[in-house]
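The values are calculated or read from the model by the stated rules, or taken from the named source; none is laboratory data. Note that the structure is predicted; figures quoted are calculated from it, not measured. Glycine also receives a Cβ, built like all others from the backbone with ideal geometry; neighbour counts cover every protein chain displayed. Keep in mind that these areas ignore ligands, DNA and RNA; they rest on the heavy atoms of the full protein, side chains included. Shrake-Rupley method; radii C 1.70, N 1.55, O 1.52, S 1.80 Å.
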Amino acid sequence: MSNSDVIIIGAGISGLSTAWWLAQQGVKVEVWESEPTIGGKIKTTTENGYLSESAAGLLVNFRPEIDRLIKHCGLTSAKQQRPDNLKRYVLHQGQLCSVPMTFAGIARSPLWSHRGKLRMLAEGLVFGRGDRGESVSQFIKRRFGPEMLDTAIDPFVSGTLASDPDLAEAASVLPRLKTLENRYGSITAGILVNKLWKRRRVNHADTFSFHGGMSQLIEAMAAAPGICIRRNVTIRQIEPDQNGWQVHAETPYGSLNQITRQLVMSTPANTSAQLLSEIDRELSQLLGSIEYAPIAVLHTGFDREQITHPLDGTGFLVAKRDRLNLNGNLWMSSLFPRRAPAGKTMLTSYLGGARNPGKLDLPDDKLITHGLGGLSRLLGIEDTPEYVRLDRHHKGLPLYHGQYQAKLHKINSHLSDYSGLHLCGNYAGGVSVRERIYQGKITARQIIQKLHAQGNNQSCTSQHKPVYATPARLL
Ligand SMILES: Cc1cc2nc3c(=O)[nH]c(=O)nc-3n(C[C@H](O)[C@H](O)[C@H](O)COP(=O)(O)OP(=O)(O)OC[C@H]3O[C@@H](n4cnc5c(N)ncnc54)[C@H](O)[C@@H]3O)c2cc1C
């Protein structure tokens, strides 16, 4: 059995990010991926002049680390910036209403009653910090009142995270708001203080994609020197070993077995649960208990002239009480250039999620009809789409439901029993591409610390001696 320093299972953004940060420090790393393609959920498809994304379609960034990665990958000139002047819409009582982004805009907005606005203003006077594990609904109602929940937070949590605000844990889903409450006693006060002291973000928040779509980021990261990707390699079993971990995989050419000093599982929680079932039953059960929302992504291409709405925004989100068949709709051609042929436009709808998990049981034609139903009236669409593509994710996004931080805490304490085993997947630390890249960096730092502790010159396969950075150099 041959040996290696680091094997990462799964070439989604979580696994690739960990590999990329390690490679930057001279650590040679292998990524074993069961599919013939890399990127996991992230996949850009170009068909008939339409460019669509099966999962992440854009990156919202305020972390300098992500800027650095993009620059190192040579992608700065490939970035497509979201125009600043786009509105954000929410479906409110059957109509699309733009969401105000300033205090003055909130005061004038028809989205909230006078009473609702006064309640929101009173947020600074709310004392107390809520119970551990309180839900998003409880947290927002406690701080801002029910109208803020129904009109803004519910559509955001359901539409962008496919989650249910009544079940999702506030500390896991809205960590920055919880931090502001904990630190300043009030979210409004925290925002104002941070604005005044300009401490809020190192970077200005930046929303973008790439000319070649999100797959361009994946390919560029995977091409970093020091990363070896093995495709069509499905890990079937892992076992602790005196030198680290034995990894057993199936490939189209037979089995592949290797020992690694450090093993990263960047697979969905249920796969990691299966692989750990013989090693640690309780850890496996904790991982296996993480729920996922099924999501369908419906891409539709139209002649621009068939749509009467100005499409002057990023798209719209849907509040639960509006009972539309979709959770949100992104106007991809308004967001980024070249998503559709000249004179055409592409709209992407998201269906299912925790709100409507049964949607994914529908056959394609029914799902497409459901997706198009509400759109026609809201956007004034006069004809059927000339292009349709449907992507289904039966385990789309992990749901940070219940006492989620407590669950992660237990998972971490089990993990500390195993030297050289790391978990890095979107069920911990945030689902967005930004947070996945950031968590990859944290995992890389932990691995480098472990490799340091084990001694640099025990490297088994490296042709050149890796230069392990001290943790301080990484962060
Ligand atoms: C519909 C949708 C829209 C989204 N939109 C956005 C967005 O606009 N912006 C944003 O920032 N984020 C968005 N996200 C979130 C983001 O895309 C995901 O959280 C992220 O891509 C998940 O990456 P991952 O690497 O953790 O998991 P995955 O992408 O699931 O990767 C896991 C990998 O492990 C591999 N694997 C599994 N089992 C094995 C095995 N036994 N052996 C070897 N390999 C294995 C899989 O094939 C896969 O490649 C969206 C997600 C969805 C579903």
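How do VAL193, VAL247 rank by accessible surface area computed with a 1.4 Å probe, from largest to smallest? Could the numbers behind the result be given before it?
Values: VAL193 50, VAL247 0 Å².
So the residues, ranked largest to smallest area, are VAL193, VAL247.
To the nearest 20 debye, what is the magnitude of the charge dipole of segment 109-172 about its Cα centre, counting +1 on the Cβ of each Lys and Arg and -1 on the Cβ of each Asp and Glu?
Working: 8 positive and 9 negative charges, 72 e Å.
Charge dipole, segment 109-172, about its Cα centre: 340 debye, nearest 20.
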Per-residue HN-Hα couplings for segment 254-263, Karplus 6.51 cos²θ - 1.76 cosθ + 1.60 at θ = phi - 60°, whole Hz, x for Gly and Pro?
x, 8, 10, 10, 8, 9, 10, 6, 10, 10
Within segment 49-136, report the chymotrypsin sites (Phe, Trp or Tyr not before Pro) that DSSP leaves as loop and that have at most 11 other Cβ atoms within 10 Å.
PHE127
Need the list of aspartates and glutamates near LYS344 for cross-linking: C-alpha distance under 12 angstrom, and skip anything on the same chain fewer than eight residues off.
ASP303, GLU305, GLU386
Count charges around LEU51 for me, please; just the other residues with Cβ under 13 Å from its Cβ, Lys/Arg as +1, Asp/Glu as -1.
+3
Would you tell me the accessible area of ARG321, worked out with a 1.4 angstrom probe on the heavy atoms of the protein chains, in Å² to the nearest 10?
120
Reachable lysines from LYS320, criterion Cα separation under 16 angstrom, eight or more residues apart if same chain:
LYS141, LYS359
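With a 1.4 Å probe and every protein chain kept in, tell me what percent of the accessible surface of the chain is carbon plus sulfur. Could you put the intermediate results ahead of the total?
On the way: 11020 of 21460 Å².
On the chain, the fraction of accessible area on carbon and sulfur atoms equals 51 percent.
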Suppose each label sits 7 Å from its Cα in the direction of the beta carbon; what would the HIS394-HIS309 distance come out to in nanometres?
3.2
Given labels modelled 7 Å from the Cα in the Cβ direction, how far is it in nm from LYS79 to ARG281?
5.1
From the phi of every residue in segment 79-95, what ³J(HN,Hα) in whole Hz does the Karplus formula 6.51 cos²θ - 1.76 cosθ + 1.60 yield, where θ is phi - 60° and glycine or proline is x?
5, 10, 8, 6, x, 5, 8, 6, 7, 10, 10, 9, 7, 9, 6, x, 10
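Taking 8 Å as the Cα distance limit and 6 or more residues as the minimum spacing, I'd like the relative contact order of segment 101-197 as a percentage. If you can, show how the numbers build up before the last one.
Working: 92 pairs, mean separation 27.7, N = 97.
Across segment 101-197, relative contact order equals 29 percent.
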Reachable aspartates and glutamates from LYS395, criterion Cα separation under 18 angstrom, eight or more residues apart if same chain
GLU33, GLU35, GLU53, ASP164, GLU291, ASP361, ASP364
Label zone at LEU362 (point 7 Å along Cα-to-Cβ), backbone N below 15 Å, segment 386-419
389-393
If you look for lysine pairs in segment 1-121 that are eight or more places apart or on different chains, how many of them have Cα atoms under 24 Å apart?
8
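Can you figure out the FRET efficiency of ILE191 with ALA223, using R₀ = 35 Å and their beta-carbon distance, to the nearest 0.05? Present the calculation step by step, with values, prior to reporting the outcome.
Values: r = 40 Å, r/R0 = 1.14.
The pair ILE191/ALA223 has a calculated efficiency of 0.30.
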Project the alpha carbons of the chain onto their principal axes and report the range along each, largest first, in whole Å.
67, 55, 41
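Can you sort LYS79, LYS71 by solvent-accessible area, 1.4 Å probe, largest first?
On the way: LYS79 50, LYS71 150 Å².
So the residues, ranked largest to smallest area, are LYS71, LYS79.
List the relative contact order of the chain as a percent without decimals, with contacts defined as Cα pairs under 8 Å and 6+ residues apart. Each step should come with its number before you reach the end.
Values: 937 pairs, mean separation 122.0, N = 475.
With pairs under 8 Å counted, the relative contact order is 26 percent.
Do any GluC sites (Glu not before Pro) in segment 292-393 lie in a DSSP loop with no more than 16 other beta carbon atoms within 10 Å, and if so, which? Before the final figure, lay out each step's value.
Numbers: sites: GLU305, GLU382, GLU386; in loops: GLU382, GLU386.
In loop regions of segment 292-393 (DSSP not H, G, I, E or B), the sparsely surrounded GluC sites (Glu not before Pro) are GLU382, GLU386.
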Ordered by residue, what ³J(HN,Hα) values in Hz, to whole numbers, does segment 234-239 give under the Karplus form 6.51 cos²θ - 1.76 cosθ + 1.60, where θ = phi - 60° and Gly and Pro are x?
9, 6, 10, 8, 10, 9
Debye log10 I(q)/I(0) at q = 0.25 Å⁻¹ for segment 101-197, Cα point scatterers
-1.45
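Lys and Arg at +1, Asp and Glu at -1: add these up for the other residues within a Cβ distance under 14 Å of LEU96 and post the number.
Working: positive: LYS87, ARG88, ARG377; negative: ASP312, ASP322.
My count for the surroundings of LEU96 gives +1.
Return the FRET efficiency for the residue pair ASP206, GLN242: r is the Cβ-Cβ distance, R0 is 60 Å, and the value is rounded to the nearest 0.05.
It comes to 0.80.
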If you take every residue apart from GLU169 with its C-beta less than 10 Å away from the C-beta of GLU169, what net charge results, scoring Lys and Arg +1 and Asp and Glu -1?
+2
I'd like the orientation of helix 364-379 relative to the chain: the angle between its Cα long axis and the longest Cα principal axis, in ° from 0 to 90, rounded to 10.
40
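Only Lys, Arg, Asp and Glu count, each charged at its Cβ (+1, +1, -1, -1), so figure out the dipole size of the chain about its Cα centre, rounded to 20 debye.
Values: 55 positive and 41 negative charges, 361 e Å.
With only Lys, Arg, Asp and Glu charged at Cβ, the dipole is about 1740 debye.
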